[in-house]
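All remarks here apply to the structure that follows.
The values are calculated or read from the model by the stated rules, or taken from the named source; none is laboratory data. Everything quoted here is computed from the prediction, not taken from an experiment. Using ideal geometry, Cβ is built from the backbone for each residue, glycine included, and neighbour counts are taken over all protein chains shown. The area values use the complete protein model at the heavy-atom level, side chains included, leaving out ligands, DNA and RNA. Shrake-Rupley method; radii C 1.70, N 1.55, O 1.52, S 1.80 Å.
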Amino acid sequence: MEQYEPDRLSAAQLAAIRRSMTSGRGALSRRSLLRAGGVGALTAGGLAGLTACGIPPAKREGQGPASTDRSAKEKTVSFSNWTEYMDVSEDEKSRPTLEAFTERTGIKVKYTEDINDNVEFFGKIKPQLAAGQDTGRDLICVTDWLAARIIRLGWAQKLDPANLPNAYANLSAQFRRPDWDPGRSYSYPWTGISTVIAYNVKATGGKKVDSVSQLLDDPALKGRVGFLTEMRDTVGMTLLDMGKDPGKFTDADYDAAIGRLQKAVDKKQIRRFTGNDYTSDLDKGDLAACLAWAGDVIQLQADNPDIQYTIPNAGYITSTDNLLVPAQAGHKANAEKLIDHYYELPVAAQLAAYINYVCPVDGVKDELAKIDPELAANTLILPDKAMAKKSRAFRSLTAEEETAYEEKFAKLIGA
């Protein structure tokens, strides 16, 4: 296994990590799920360690080394996931979709909720991956930027389509071709996280807010607008509004988006940049409109009918959490069968009904309607074709871009 010198994170990147963990995607309110966006999130101790050792830059392409697959003889699979990211029974003593998999296949699942943030988890498995050793995990769930890095380092195994008939057939079109894994040769999405515009109709006087331009320029909203402290969401949505593709933008495009946001800051159009603490301000009407995460909107609407959302005509940003089989995993075929299990329509519906994030499985609506018709009709969980066509992903960044972009964004938001 080729060895790489670690790259250090800048002060701006570390600040972004702290924001993500305390109030950003690392602290999404839905089910108190600890998430990580951008360059990830860390505990205080993890931040200190990361400052010292860094994380390896993505420097090579290639398939991870083949492992000796023991799936045929050993009917087991080890699955590491985030907390509160799997359906549970009403008595919270079992996980129905996992039990159904075992009953049908005879494969026992060792399910562990040991992912609290991307960088911390990567720190756990990196030494073994770098040494060409089995991590003890056959299936992991990580956010798109880290999935991209693991694949580029050659630390993920290429998936066998023969074991993934449902996944191959039922994966929604909007998730099929990320720039970091075209055609999904190494990964399949577990869920999606969408960034939309949310507004309080009482605070807007009944006026609809449906574009980033309106957020940035409408004098009726001055001083009552919120943008997010997550760089990819705020800059990505601004790029879209400027007619730029967040998947293909240049340095000049990025600078233009920062400049546009800076003008709104200077004229006090933007009240503040927030993590998910925008929810209370939006609920009270202190913020008339803001960028928001779909999971929060679903939760807010359950208690306040004045909370509405729109998908801009220019498009919206969606990120994903993704399933990968690490290099040297000993039960690859079993892991692939487990991935495929969650792309069967009844199973996908059961999972979506519990976690309420964007379901990446096409054709699941009728099955979800059997469980909860309101959820099945919610396009924040099941985007319709028109909404799916507007979904865009923020492109992968080099280590140099990551540093430069986060520093410029930190200056913009005063972090």
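Heavy atoms only, 1.4 Å probe, whole protein assembly: order LYS284, LYS365, LYS124 by accessible area, highest first.
The residues order as LYS284, LYS365, LYS124, largest area first.
Mind checking which aspartates and glutamates have their C-alpha under 19 Å from LYS110, skipping anything on the same chain fewer than 8 residues away?
ASP69, GLU74, GLU84, ASP87, GLU92, GLU99, ASP134, ASP138, GLU336, ASP340
Name the residue farthest towards the positive end of the dipole of the range 259-392 from the options GLN262, GLY295, ALA353, assuming +1 on Cβ of Lys and Arg, -1 on Cβ of Asp and Glu, about the Cα centre.
Among GLN262, GLY295, ALA353, the one farthest towards the positive end of the dipole of the range 259-392 is GLN262.
How much FRET efficiency would the formula 1/(1 + (r/R0)^6) give for GLU99 and ASP179, where r is the Cβ-Cβ distance and R0 is 51 Å, rounded to 0.05?
Efficiency computed from Cβ-Cβ geometry: 0.90.
Give me the extension gain from GLU407 to LYS124: residue separation times 0.36 nm, minus the current Cα-Cα distance, reported in nm with one decimal.
99.1 nm
I'm checking a number: the convex hull volume of the Cα atoms of the range 231-331, normalised per residue, in Å³. What is it?
158
So what's the Cα pair-distance distribution over the range 136-271, bin width 10 Å, in %?
Over the range 136-271, the share of Cα pairs per 10 Å bin runs 10, 31, 26, 20, 11, 2 percent.
How much length, in nm to one decimal, is gained on full extension between ASP255 and GLN133, taken as 0.36 nm per residue of separation minus their Cα-Cα distance?
So the chain would gain 39.7 nm between ASP255 and GLN133.
Ordering MET86, MET242 by how much accessible area each has at a 1.4 Å probe, largest first, what is the list?
Largest accessible area first, the list is MET242, MET86.
To the nearest Å, what is the center-to-center distance of the range 252-306 and the range 87-101, using C-alpha atoms only?
Centre-to-centre (Cα) distance: 36 Å.
With +1 on each Lys and Arg Cβ and -1 on each Asp and Glu Cβ, and nothing else charged, work out how big the dipole of the range 256-352 is about its Cα centre, in Debye to the nearest 20.
Charge dipole, the range 256-352, about its Cα centre: 560 debye, nearest 20.
Accessible area, 1.4 Å probe, largest first: how do TYR111, TYR278 sort?
Result of the area sort, largest leading: TYR111, TYR278.
Compute, for VAL201, the solvent-accessible surface of its heavy atoms (probe 1.4 Å) with the complete set of protein chains present, and express it in square angstrom to the nearest 10.
My reading of the accessible area for VAL201 is about 40 Å².
With the dipole of the range 92-202 worked out from charges on the C-beta (+1 for Lys and Arg, -1 for Asp and Glu) around the Cα centre, which of LEU98, TYR199, ALA147 lies farthest toward the positive end?
TYR199
Ignoring ligands and nucleic acids, what accessible area does GLU92 show with a 1.4 Å probe (Å², nearest 10)?
The accessible area comes out at roughly 150 Å².
Would you tally the net charge around SER211, using a Cβ to Cβ cut-off of less than 14 Å, leaving SER211 out, and scoring K and R as +1, D and E as -1?
Neighbour charge sum, excluding SER211 itself: 0.
Taking the Cα of ASP286, stepping 7 Å toward and past its beta carbon, and measuring to each backbone N in the range 210-250: which are under 17 Å?
222-229, by backbone N distance to the label point.
In whole Hz, with x marking every Gly and Pro, tabulate ³J(HN,Hα) for the range 141-154 from phi via Karplus 6.51 cos²θ - 1.76 cosθ + 1.60, θ = phi - 60°.
For the range 141-154, the Karplus curve yields 10, 10, 6, 3, 5, 7, 4, 4, 5, 4, 5, 5, 6, x Hz.
Note the full-extension length gain between ILE371 and GLU74 as 0.36 nm times their separation in residues minus their Cα-Cα distance, in nm to one decimal.
103.5 nm
Taking the Cα-to-Cβ direction at ASP277 and at LYS158 and moving 7 Å from each Cα, how far apart do the two end points lie in nm?
4.8
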